[in-house]
Amino acid sequence: MTFSLNVTGSDLILMLPEIILTLWLCGILIVDFAMPKLPKEQLAYLSVCGLAIVLANLVWFDLEGVSGALFANMFVLDRMALFFKILIVGATMLVLLASRDYVQRFRFFKGEYYFLVLMSALGMMLMASPNDLLSMFITLEFSTFGFYVLVAYLREDAASNEAGLKFFILGVFAAGLLTYGISLVYGETGKIVFSEIAATAWTPGLTIGFLLIFASLGFKIGAVPFHSWIPDTYHGAPTPITAFLSIAPKAATFAILVRLFFVSLAALKPAWVLLLVGVSILSMTYGNIVAIAQKNIKRLLAYSGIAQIGNVLIGLAAGTKMGEDAILFYLLTYVFANVGAFAVVIAVSNLIRSDEIEDYSGLNRRSPFLAFAMLVFLLSLAGVPPLAGFIGKLYIFLAAIKEELYTLIMVGLVNIVISMYYYLIIVKKMYINEPIDRSPLTVSPSMQAVIYVGLAGTLVLGIYPKPFIEWAVAATLMFSNFAPAAAVAPVVLPFGG
Amino acid sequence: MATLFFSYFSGVIVLASILVVALRNPVHSALALLIMFFHVAGLYITLHAEFLAAVQIIVYAGAILVLYLFVVMLLNVKRDEHYHAQYPLGAVLGVTILTEALLLIVQHSFSKETATADLGATDGKQVLEGNTETIGEALYSTYLFSFEVASLILLVAMIGAIILAKRDLFEARN
């Protein structure tokens, strides 16, 4: 066994966004500590500034076509990784802006809140890059650690404590499953790099190992039957954190899932398609049916999130490059619609201190802007043209039609109708019901900014999706050898400096 | 000589493990567990796994067991009879695991040939240098990325622990 480290300074430039963010968040910690008089809102803007620099860096990499691999192929920076990093950094910026007013509710450690959000964002950025089981585990746990604390941040609120404890215990259990799965795969193959695992012979131990890994990743994305933590955690967590949890870790986990299924397990596609079809059908149906009965908007969005993940899994089940493009585009539309919907929930909750759907009655009379924004986001989540969600759903269904997964598509279509029902109930409450309290609501500038960005994204992606689809297609070029037919040869990846 | 050490360590391990579940006082049980951990570490040393032995003592005996003792003392659990009602369940699980272990031993004959064949498969570097050096070298070269990320995890965990635990102090002061 020989070990070597062939990393030069110029190689490390591949990790520049992560390095900038690490330094920036340490800086925020120091500023928070050294200047106790500084209003904490300034830290929010400082964090957003740091993320803007990272975002500019990532976009520059993407335009320049920077790519490569570091640490013996364990850290890869390709266009797919860049896509997910841009998505995560963008979502984090929106969440930070949406948190600005909400943070006033915390009695202590207001500054550390921003630090932990940035730390989780850093973990998820790293999650877009690992190319082996060890880095996958480490980055996955890194991103989750910040969330364990953030979910329980409302110490005075029993629901938040309960949410934090449930999330922690189930999360640690999932981490245990993941390590057990990894140990089985490593024991059977002696390899940890994804592309090297693909080249080894198949054994029953590997099946169990990969099922355990899938169960743990399924926990992170909240797919049925690994969803049990979602409703209570989403309900109890501070709402900006719920918004963050509902999109960023899921997107980052999809980056890992795609690499795992398309690289390590490429040769076994016929077997895993069935597994994914099953999980996808269960997630969509369970999420949508249980969402109907919800009285709390955060719980409703939690269940709708389970159903949306079922939709994304359709793209993975298609198992083609087109399905992969559809996943990326769908996640992009989901960021805008979901963060937007949660921004409205945060704004309403800041003003009337309630998350009950009943209290949304007559929202149109009290704040036409909030009601209209919620209408657009809900319709986008339901998939109504000409909004972003429609193109996303269309794209993902087309990918499945090409693979002739007709049962999955039928179930998916029925589920769209079911989801329409509970989304429209909220719309009816907002527009038709009479408000109990008629006082008008004024929205703060930072919340307005988040909602406008969400609206702009939802409309632009819906009306003119071409450049974004092209971006998604370009991001997955490395999977272009995935023919639409079922039989696929083991993949050789065009990685490397 | 090796057989002598092996029978001493394994004998104490079995005895101490039985004491852990049989003793009525939780503190005594924890101390028996401590003896067990030390002897497992001794067993690792006879197998030339000195790194594992050090980790066994530092992590298990040093950290996890102290945590157990804290919990036992803070919660003031004395002679809790509650768990002794679970003997039937314990017996079923114990017999199952014992059968599995016996089956494994019967199916694989752990002879000297297979042991040396396994050693020959690697280039024997860790035998020459000692495995602590080898692990250290691997951590700081091939697995540097994971190692650095792990240090960030510790930073988050530290700050998270302060946020979750220290809040009561602030509340008392205000």
Checklist outcome for this item: For A:R438 and A:F108, extending 7 Å from Cα along the Cα-Cβ vector and measuring point to point gives, in nm, a value of 4.5 nm
Item to check | Debye, to nearest 20: dipole size of chain A, +1 on Lys, Arg Cβ, -1 on Asp, Glu Cβ | outcome: 800 debye
Checklist entry - Simple spin-label model, 7 Å along Cα-to-Cβ: B:A2 to A:N296 in nm? => result 6.1 nm
Checklist outcome for this item: Which residues qualify? For A:N296, with a placed amide H closer than 5 Å and at least 5 residues away or on another chain, they are A:I357
Next on the checklist: Suppose we keep just the alpha-carbon trace of segment B:1-79; what are its Rg and Dmax in angstrom?
Outcome noted: 13.7, 45
Checklist entry - ³J(HN,Hα) across segment A:154-171 via Karplus (A = 6.51, B = -1.76, C = 1.60, θ = phi - 60°), whole Hz, x for Gly/Pro? => result 7, 5, 6, 9, 4, 4, 5, 4, 4, 4, x, 5, 4, 4, 5, 5, 5, x
Checklist entry - How high is the FRET efficiency from A:E41 to A:L268, r the C-beta distance, R0 51 Å, rounded to 0.05? => result 0.50
Item to check | Euclidean distance of C-alpha centroids, segment A:347-421 and segment A:138-211, integer Å | outcome: 30 Å
Checklist entry - By a straight-distance test (C-alpha under 23 Å), which lysines pair with A:K466 as possible cross-link partners, with residues fewer than eight away in the same chain excluded? => result A:K85, A:K321, A:K393, A:K402
Checklist entry - Tilt of helix A:466-475 relative to the longest C-alpha principal axis of chain A, in degrees (0 to 90, nearest 10)? => result 40 degrees
Item to check | Positive minus negative residues near A:S283 (Lys, Arg vs Asp, Glu; Cβ under 15 Å) | outcome: +3
Checklist entry - So, counting K/R as plus one and D/E as minus one, what does the shell of residues with Cβ under 12 Å around A:I88 add up to? => result +1
Checklist outcome for this item: Once the mean of 1/r over all distinct C-alpha pairs in segment A:1-118 is inverted, the Kirkwood radius in Å reads 15.8 Å
Item to check | J(HN,Hα) series, segment A:375-382, from Karplus relation 6.51 cos²θ - 1.76 cosθ + 1.60, nearest Hz, glycine and proline x | outcome: 4, 4, 5, 5, 5, 5, 4, 6
Checklist outcome for this item: In the neighbourhood of A:F147 defined by beta carbon distances under 11 Å, the net charge of the other residues (Lys, Arg +1; Asp, Glu -1) is 0
Next on the checklist: With the crude spin-label approximation of a point 7 Å out along Cα→Cβ, what separation in nm comes out for A:S183 versus A:Y406?
Outcome noted: 4.7 nm
Item to check | Ellipticity estimate at 222 nm from DSSP helix runs (n ≥ 4, -39,500 (n - 2.57)) divided over chain A, nearest 500 | outcome: -24500 deg cm²/dmol
Item to check | Length-normalised contact order of segment A:64-187 in % [C-alpha pairs under 8 Å, at least 6 apart] | outcome: 21 percent
Item to check | Cα long-axis angle, helix A:297-318 against chain A (0 to 90 degrees, to the nearest 10) | outcome: 30 degrees
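Rule-based calculations on the coordinates, nothing more; no lab input. Keep in mind that this is a model prediction, so the values were computed, not measured. Cβ atoms come from the backbone with ideal geometry, glycine included; neighbour counts cover every protein chain shown.
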